[in-house]
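> This is the structure, below, for whatever I ask next.
The values are calculated or read from the model by the stated rules, or taken from the named source; none is laboratory data. This is a predicted model, so every value here is computed, not measured. A quick note on method: Cβ atoms are made from the backbone with ideal geometry, for glycine too, and the neighbour counts reach across all protein chains shown. Surface areas here come from the heavy atoms of the whole protein model, side chains and all, with no ligands, DNA or RNA. Shrake-Rupley method; radii C 1.70, N 1.55, O 1.52, S 1.80 Å.
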Amino acid sequence: MGFFLLSSLMFVGVSSANGTWITQTDSTNHSIQSYVESGDFEWMGMIQFHAYATPYQNATFASNQFRVAQSRLGLKGRFADGYGFQLQLNASASPSFQGINIYKLFWDEKVELRVGNMKMLPNLDFFPSPAEDDFIGRNIGSNYFLGGPDIGIRGRVSHGPMKLWLGIYNGEGRSTNQDEKFLGVSRFQVEATRWGMDMTFGAFVQAGYSDQVRIGLKRKFLVDGYRESIGLDTRIEAKKWFLAAEGIRSQLDLVVDKEVEFLSGFVTMGYTPSEINTFAVRWQRMDRTSSNTLKHDATLGYKRALSDVIAVQLNLIGYMNADFGFEESELRLNVQLAF
């Protein structure tokens, strides 16, 4: 059924782009034809092949594996009256439809209302697609505490340099809400251009209740009760340099322990000497409050665009203990096609 829907929408996009339609004589069908022909449609596609390698046996974080991390194909469109849609099939994810939503823009695009399956957008890390990430894989807060695509309702209000997102979601990252509880996500963001720099600053809150739900992209922590993450993030771009940072405090009722607190964050610095090459370094860490360090690593990254749609990316990761001593290492390769 999903494949049929995707094929149908793609047929709509191709037909409208070519100006050819199977027409009928009644006025209703002619009205639909004119409405769709007035829209602006765009294809989306992404394939990412990942390879991980480590010399360490029985490593805690590093691994040896090949995998297809992304295999997406989709279509998005927008009409003259402010309505739009996104339909994206991701064959390497569950649920397979990862981005199937409808939205409406109001008041010169200052307000947006969106319903369906979408990114919850708690932090800046989720705004770019995986093809545009600084490194192979999301940052530590997104991987362990914050939600990726989910089903719900989201609103956005913009006023000058300020933006506010408010949303309510299933909170499980699934096609159904098995625990029948919701997750609220809000984000406030300010954008400014000063002294030759493009600056973005944000604050976010994600809170709700869950009954035995695994959270974050990695699904590591099993929550049974209250869950809350509060954070700050920023990204500053100045000519060929960029700086990004994030800090999150999370409180979780885990199945094994209640009211557990975590602190997590990262700092990234990058240099783009040209549109083809990008160099970056990232340090990130996750601690359980009044306990031990759960994850601590540093990454050196390089990305090269081979064409307008093909790129390769290399990451060298050093996993460290609490005293900054290296204990494991891992080399990652990403070969991607994206448009």
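> Sort 150-157, 271-278, 178-185 by the packing proxy (mean of other Cβ within 10 Å over each peptide's residues), most packed first.
On the way: 150-157: 19.0, 271-278: 12.2, 178-185: 17.0.
Packing order, densest peptide first, comes out as 150-157, 178-185, 271-278.
> Once phi is turned into θ = phi - 60°, what whole-Hz ³J(HN,Hα) does the Karplus curve with 6.51, -1.76 and 1.60 give for every residue of the range 261-276, x standing for Gly and Pro?
10, 10, 10, 9, x, 8, 9, 10, 10, x, 9, 10, x, 7, 5, 8
> How much area per residue is accessible in the chain when the probe is 1.4 Å and only protein heavy atoms are counted (Å²)? List each step's numbers first, then the result.
Numbers: 17700 Å² over 339 residues.
On a per-residue basis, the chain sits at 52 Å².
> How far is helix 2-18 tilted, in degrees, relative to the longest principal axis of the Cα atoms in the chain, given as a value from 0 to 90 rounded to the nearest 10?
60 degrees
> Also, quick follow-up: The range 269-339 to the range 74-102: how many Å between their Cα centroids?
Measuring centre to centre over Cα atoms gives 29 Å.
> Separate question: Return the long-range amide H neighbours of ARG174 (sequence gap of 5 or more, or a different chain), with a cut-off of under 5 Å between placed amide H atoms.
HN-HN under 5 Å from ARG174: ILE151.
> Go through 40-50, 225-235, 187-197, 133-143 and give me the packing order, highest mean Cβ count within 10 Å leading.
Working: 40-50: 17.0, 225-235: 18.8, 187-197: 13.5, 133-143: 21.9.
Top of the packing list down: 133-143, 225-235, 40-50, 187-197.
> Within the set LYS119/LYS220; LYS119/LYS303; LYS119/LYS218; LYS181/LYS295; LYS76/LYS220, which residue pairs have Cα atoms separated by over 21 Å? Write out the running numbers ahead of the final one.
On the way: LYS119/LYS220 19 Å; LYS119/LYS303 25 Å; LYS119/LYS218 16 Å; LYS181/LYS295 30 Å; LYS76/LYS220 32 Å.
Check vs 21 Å cut-off fails for LYS119/LYS303; LYS181/LYS295; LYS76/LYS220.
> Compute the Rg/Rh shape ratio of the range 192-249: radius of gyration over Kirkwood radius, all on alpha-carbon atoms.
Working: Rg = 16.3 Å, Rh = 13.7 Å.
In the range 192-249, Rg relative to Rh is 1.19.
> How large is the dipole of the range 126-254 about the Cα centre if only Lys and Arg carry +1 and Asp and Glu carry -1, each at its Cβ, rounded to the nearest 20 debye? Intermediate values should be presented prior to the final figure.
Values: 17 positive and 16 negative charges, 51 e Å.
It comes to approximately 240 debye.
> Which whole-Hz couplings ³J(HN,Hα) result when phi for each residue of the range 184-198 is put into the Karplus expression 6.51 cos²θ - 1.76 cosθ + 1.60, θ = phi - 60°, listed in order with x for Gly and Pro?
x, 9, 10, 9, 10, 9, 10, 10, 8, 10, 9, 6, x, 10, 9
> Between TYR56, ASN321, GLY216, whose Cα lies farthest towards the positive end of the dipole of the chain when Lys and Arg beta carbons carry +1 and Asp and Glu beta carbons carry -1, centred on the Cα centre?
Value computed over the given set: TYR56.
> Under 4 °C and 1.567 mPa s, how fast does the range 135-248 diffuse according to Stokes-Einstein, given a Kirkwood radius computed over C-alpha pairs? Answer in µm²/s, whole number. Please report the intermediate quantities before stating the final value.
Details: Rh = 15.4 Å.
Estimated via Stokes-Einstein, D reaches 84 µm²/s.
> Out of every Cα-Cα pair in the range 259-339, what percent are more than 15 Å apart? Provide the component values of the computation, followed by the final result.
On the way: 2076 of 3240 pairs.
Of all Cα-Cα distances in the range 259-339, 64 percent exceed 15 Å.
> Here's another thing I want to ask about it. Counting only protein heavy atoms, what percent of the accessible surface of the chain is carbon or sulfur at a 1.4 Å probe? Intermediate results must be reported in sequence, preceding the final value.
Details: 10580 of 17700 Å².
Looking at the chain in its full context, I get 60 percent from C and S.
> Another question, then. What length, rounded to one decimal in nm, is gained on full extension from PHE61 through to LYS110, with 0.36 nm per residue of separation minus their alpha-carbon distance?
On the way: separation 49, 0.36 × 49 = 17.64 nm, distance 4.33 nm.
Stretched out fully, the PHE61 to LYS110 stretch lengthens by 13.3 nm.
> Please give the net charge around PHE262, taking every other residue with its beta carbon less than 12 angstrom from that of PHE262, where Lys and Arg add +1 and Asp and Glu add -1. Mind dumping the intermediate values first?
On the way: positive: LYS220, ARG227, ARG249, ARG285, ARG288, LYS295; negative: GLU228, ASP257, GLU259, GLU261, ASP287.
For residues surrounding PHE262, the net value is +1.
> Related question: In units of 2.2 N^0.38 Å, what is the alpha-carbon radius of gyration of the chain?
Details: Rg = 21.5 Å, N = 339, 2.2 N^0.38 = 20.1 Å.
Relative to the rule-of-thumb radius for its length, the chain sits at 1.07.
> Hey, if you put +1 on the Cβ of every Lys and Arg and -1 on every Asp and Glu Cβ in the chain, which of GLY99, PHE41, GLY270 ends up farthest toward the positive end of that dipole?
Checked the options; the winner is GLY270.
> For VAL255, list long-range residues whose amide hydrogen, built 1.01 Å from N in the peptide plane, is under 5 Å from its own amide hydrogen.
LEU222, ASP224
> Quick one: length gained pulling ASP323 to TRP195 fully straight, 0.36 nm per residue minus the C-alpha distance?
Working: separation 128, 0.36 × 128 = 46.08 nm, distance 3.75 nm.
Full extension of this stretch gives 42.3 nm more.
> Which percent of Cα-Cα pairs in the range 175-328 sits in each 5 Å bin, short to long?
Using 5 Å bins, I get a P(r) of 2, 8, 13, 15, 16, 15, 14, 10, 5, 2, 0 for the range 175-328.
> To the nearest 10 Å², what's GLU246's accessible area with a 1.4 Å probe?
We get 20 Å² for GLU246.
> Using a basic spin-label model with each label point 7 Å from the Cα along Cα→Cβ, how many nm lie between LEU337 and TYR35?
Calculated label separation equals 3.5 nm.
> Which value at 222 nm does the chain reach when only helices count, each DSSP H run of 4 or more adding -39,500 (n - 2.57), with the total divided by all residues and rounded to the nearest 500 deg cm²/dmol?
Helix-only estimate at 222 nm: -3000 deg cm²/dmol.
> Along Cα→Cβ, 7 Å out, is where each label goes; now give me the distance between the ones at ILE236 and ASN277 in nm to one decimal.
Spacing of the two 7 Å Cα→Cβ label points: 2.5 nm.
> Given Cβ point charges of +1 (Lys, Arg) and -1 (Asp, Glu) and nothing else, what value in debye, to the nearest 20, does the dipole of the chain about its Cα centre take? Kindly include the intermediate steps, with their values, before the conclusion.
Details: 33 positive and 36 negative charges, 46 e Å.
Roughly 220 debye, rounded to the nearest 20.
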